[in-house]
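Okay, structure first, notes after.
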Amino acid sequence: MAKIHVSIVAIPDAMFSTLSGIYDVLNAFTLLSGYDNVIPESSPFQVDIVGPSRESFRTASGLALQPQRTFDDLQTSDVVIVPSVAVQNAIWETGRYPVIVQWLQTVHAGGAILCSACSGVLLLAETGLLDGKAATVHWAFAGTFRQNFPQVLLRLEKMLVIAGEHEQFVMSGASASWHDLVLYLVARFVGPAAAQAFCKFFALEWHRDGQTPYLVFEQPVDHQDAVVKDAQTWLACHFAAAAPVAELVKRSGIPERSFKRRFSQATGYSPIQYVQHLRIEAAKRRLERSGASVEQISWQVGYQDSASFRRLFKRIVGVSPGDYRRKFSLPRFGQDDE
């Protein structure tokens, strides 16, 4: 049978670890066939690293890379993957790679499935092919993505998004979610048993809880409302206070309805939603870094009813406080559990 041709895009902005990780896994069939009989002895994939030329260049990670093929060499491919790319100051500048954008459009028109890992979707979105469709990206680049590509529905809570009538777009979120992308491709083209074998051998992880547990609440300060900024400054230190919204209204010196309206317009959150996010973010840090009980942490961040705190935490974070602590607290390195 003809091999499935996979093109991994290589540009100077590429992050070496994501690119090489995907390349290594998709080329590991021969290695794994001796360990699990569900793995075909011959790889079903032909994987090429494709760049503007075959000359070696230094990637954003500082390591040199030499493409195997050029964009001019390939006008068709079955699967194209744009790996993570560097985004300076979390701002993506469009228009820097017009040749690559045109090539992506061309191979997609020829039937290629277009994939991205992490911030690679920023380059993929420049094709316009994602307009009106869902996508995901590393949470740190959500702002620049929305600014540059408002026609794309950003599903930031998803770690893997498959879009298009024929599932011809596959995008993974935060950095290590290239695991989800490569496992999905193995499952799609080889079978779920093969994907499970790869997962076990490489200790790859399906991020089943999505991206929500990894999100960091960023306080919106890119507005000019001085009253709201003063409220945000006060809340940063007093979010655990009793009745913080009432105190904000009192401090603002303006009618309650007017204050709430201005706050929502400036930040995108109602005052109570904003307080909740600050409190949950503080609780996340305590769960990560302390041994305090959930009840103690609930009280520390402003909730006397720990049951209500647990429900709110799961609604915002996507997992329970206990699951969050197990996911993100440091393990006892090299020590027995007993």
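The values are calculated or read from the model by the stated rules, or taken from the named source; none is laboratory data. Keep in mind it's a predicted model, so treat the numbers as computed, not measured. FYI the Cβ positions are ideal-geometry reconstructions off the backbone, even for glycines, and counts take in every protein chain you see. Note: areas computed on protein heavy atoms with side chains; ligands, DNA, RNA excluded. Shrake-Rupley method; radii C 1.70, N 1.55, O 1.52, S 1.80 Å.
Determine if the stretch 87-103 includes at least one residue that is buried (at least 18 other Cβ atoms within 10 Å of the Cβ), closer than 19 Å to Val182 by Cα and within 27 Å of the chain's Cα centre (by Cα).
No, every residue in the stretch 87-103 fails to be buried (at least 18 other Cβ atoms within 10 Å of the Cβ), closer than 19 Å to Val182 by Cα and within 27 Å of the chain's Cα centre (by Cα).
Can you tell me which residue among Gly191, Gly173 is under 30 Å from Ile113 (Cα atoms) and in contact with a strand residue (DSSP E or B) (Cβ under 9 Å, 6 or more places away or on another chain)?
Values: Gly191 fails: in contact with a strand residue (DSSP E or B) (Cβ under 9 Å, 6 or more places away or on another chain).
Criteria check complete, one pass: Gly173.
What's the number of the condition Ser77 fails, among (1) touching a residue at least 60 places away in the same chain (Cβ under 8 Å); (2) touching a Phe, Trp or Tyr at 6+ places or on another chain (Cβ under 7 Å)?
With (1) touching a residue at least 60 places away in the same chain (Cβ under 8 Å); (2) touching a Phe, Trp or Tyr at 6+ places or on another chain (Cβ under 7 Å) applied to Ser77, the lone miss is (2).
If you take the residues in the stretch 8-51 that are in a loop (DSSP other than H, G, I, E, B) and among the hydroxyl-bearing types (Ser, Thr, Tyr), which one is surrounded by the fewest Cβ atoms within 10 Å (Cβ to Cβ)? Even if it seems obvious, please write down each step before you answer.
Pass one, the stretch 8-51, residues in a loop (DSSP other than H, G, I, E, B): 10-13, 15, 27-28, 33-44.
Next cut, among the hydroxyl-bearing types (Ser, Thr, Tyr) only: 33, 35, 42-43.
On the way: Ser33: 16, Tyr35: 11, Ser42: 9, Ser43: 19.
Out of the qualifying residues, it is Ser42.
For the stretch 178-212, name all the residues that are among the charged types (D, E, K, R) and within 18 Å of Asp36 (Cα to Cα).
Step one: list which residues in the stretch 178-212 are among the charged types (D, E, K, R), which gives 180, 188, 200, 205, 208-209.
Scanning the stretch 178-212 gives a single hit, Lys200.
I'd like the full set of residues that are under 23 Å from Ala282 (Cα atoms), surrounded by 11 or more Cβ atoms within 10 Å (Cβ to Cβ) and either under 28 Å from the mean Cα position of the chain (by Cα) or of a type in the set (A, V, I, L, M) (or both), limited to the stretch 218-235. Walk me through how you get there before you give the answer.
As a first pass, look at the stretch 218-235 and keep what is under 23 Å from Ala282 (Cα atoms): 218-222, 228-235.
Next, from what is left, pick out any that are surrounded by 11 or more Cβ atoms within 10 Å (Cβ to Cβ): 218-221, 228-235.
Matches in the stretch 218-235: Glu218, Gln219, Pro220, Val221, Val228, Ala231, Gln232, Leu235.
With respect to Gly111, determine if the residue is of a type outside the set (Asp, Glu), at positive phi, open to solvent by 50 Å² or more (accessible area, probe 1.4 Å) and out of contact with any Leu (no Cβ under 9 Å at 6 or more places or on another chain).
Values: of a type outside the set (Asp, Glu): yes; at positive phi: yes; open to solvent by 50 Å² or more (accessible area, probe 1.4 Å): yes; out of contact with any Leu (no Cβ under 9 Å at 6 or more places or on another chain): yes.
Taking the combined requirement at face value, the residue satisfies it.
Can you name the residue in the stretch 265-303 that is closer than 24 Å to Glu247 by Cα, assigned to a helix (DSSP H, G or I) and among the β-branched types (Val, Ile, Thr) and, of all such residues, is nearest to the chain's Cα centre (by Cα)?
Ile280
Looking at the stretch 55-86, which of its residues are assigned to a strand (DSSP E or B) and open to solvent by less than 70 Å² (accessible area, probe 1.4 Å)? Reasoning before the result, please.
As a first pass, look at the stretch 55-86 and keep what is assigned to a strand (DSSP E or B): 57-58, 64-65, 69-70, 79-82, 85.
Phe57, Ala64, Leu65, Arg69, Thr70, Val79, Val80, Ile81, Val82, Val85, listed by residue number.
Scan the stretch 173-186 and give yes if some residue there is under 18 Å from the mean Cα position of the chain (by Cα), open to solvent by less than 10 Å² (accessible area, probe 1.4 Å) and within 22 Å of Glu93 (Cβ to Cβ), otherwise no.
Among the residues of the stretch 173-186, at least one is under 18 Å from the mean Cα position of the chain (by Cα), open to solvent by less than 10 Å² (accessible area, probe 1.4 Å) and within 22 Å of Glu93 (Cβ to Cβ), which makes the answer yes.
Condition test on Asp131, is it out of contact with any Pro (no Cβ under 6 Å at 6 or more places or on another chain), among the charged types (D, E, K, R), more than 27 Å from Ala2 (Cβ to Cβ) and at pLDDT 95 or above?
On the way: out of contact with any Pro (no Cβ under 6 Å at 6 or more places or on another chain): yes; among the charged types (D, E, K, R): yes; more than 27 Å from Ala2 (Cβ to Cβ): yes; at pLDDT 95 or above: yes.
Taking the combined requirement at face value, the residue satisfies it.
Starting from residues that are of a type in the set (S, T, N, Q) and in contact with a Ser or Thr (Cβ under 9 Å, 6 or more places away or on another chain), keep the ones in the stretch 90-113 and report whichever is farthest from Thr144 (Cα to Cα). Break it down into steps so the answer makes sense when it comes.
Of the residues in the stretch 90-113, the ones of a type in the set (S, T, N, Q) are 94, 102, 105-106.
Going one step further and asking which of them are in contact with a Ser or Thr (Cβ under 9 Å, 6 or more places away or on another chain), we end up with 102, 105-106.
Working: Gln102: 22, Gln105: 22, Thr106: 26 Å.
For the stretch 90-113, the residue satisfying everything is Thr106.
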